[in-house]
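Data block below; observations after.
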Amino acid sequence: MTNVDEAAAAPESPGGRRRRSRSRKPMPLWQESVLLLGLALVLAIVIKTLFLQAFYIPSPSMVPQFVENDRILVQKVSYWGSGTPERGDIVVFADPGGWLDPTDSAGPTSPVSKALERVGLYPAGGHLVKRVMAVGGDHIVCCDDEGRITVNDRPLDERSYLPEGTVPSDIPFDKTVPAGFMWMMGDNRGASADSRVHMGGPGGGFVDQDLVVGKVFALIWPWDRAEVIHRPATFADVPDRRSGTS
């Protein structure tokens, strides 16, 4: 009987060596590069569609949290399935119609920036960044006797995120948010064309939740101001009224 060592030491036939040599022939560099590029693009598109997307801040409406031309990351995981925006979240949403001028709606213009935008590597245009102040069923009012915005009769303490010296709103309103919609406001209340400014428009100032791209979770540029974004504590004290009617 031939033992294992002897079998392993037996010489290969020339035909066997040729077949093994052919099976180990490396992929040409150009083919490998194309394959890797294709895989990277597919991965980038999947990440943009399901997980993360980059945006830039086009205006001073969210000062001091964000200033013009800041770069932010939006995550979409929080709103998968039955997840919906919460009071206090900063979200990116598509223009409900007439909130942006044509310049802000244009987005990337060069072929390279357009291609990068498609895979989530370049900030997209045509979107707004605001804070969710109230959701479906909520009753939001400006203002109480102390000048505070109230949600479901609970006054909000907004000092942690409003610019110093800014009043909660110089535009009065008293609204009940329809189910599936949101009331949106920028933190820089004197320079934000938000739900208050569009109360006389077709949507009454309300924003459909289906327009939300995702929740802002990080400021990534400039590096010296990079941070993870958290929901202000004052919104945790608001009583829930999710049965909203229009």
Selection from the stretch 226-244 of residues that are loosely packed, with under 15 Cβ neighbours inside 10 Å, under 22 Å from the mean Cα position of the chain (by Cα) and either assigned to a loop (DSSP other than H, G, I, E, B) or at pLDDT below 95 (or both): Ala226, His230
All strands (runs of 3 or more DSSP E) inside the stretch 149-224 with 2 or more residues being surrounded by fewer than 21 Cβ atoms within 10 Å (Cβ to Cβ) and either out of contact with any helix residue (DSSP H, G or I) (no Cβ under 9 Å at 6 or more places or on another chain) or without any contact (Cβ under 8 Å) to a residue 60 or more places away in the chain (or both): 173-176, 212-221
Criterion violated by Tyr56 - all others in (1) at pLDDT 90 or above; (2) under 14 Å from the mean Cα position of the chain (by Cα) satisfied: (1)
Residue in the stretch 80-87 that is at pLDDT 60 or above, part of a loop (DSSP other than H, G, I, E, B), open to solvent by 30 Å² or more (accessible area, probe 1.4 Å) and polar (S, T, N, Q) present: yes
Residue selected from the stretch 215-244 under the condition in contact with a Phe, Trp or Tyr (Cβ under 7 Å, 6 or more places away or on another chain) and of a type in the set (A, V, I, L, M, F, W, C), by the criterion nearest to Asp153 (Cα to Cα): Ile229
So Gly203, is it over 24 Å from Gly126 (Cβ atoms) and of a type outside the set (Val, Ile, Thr): no
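The values are calculated or read from the model by the stated rules, or taken from the named source; none is laboratory data. Everything quoted here is computed from the prediction, not taken from an experiment. In this analysis, Cβ positions are derived from the backbone assuming ideal geometry, glycine residues included, and neighbour counts consider all displayed protein chains. For accessibility, only protein heavy atoms count, side chains too; no ligands or nucleic acids. Shrake-Rupley method; radii C 1.70, N 1.55, O 1.52, S 1.80 Å.
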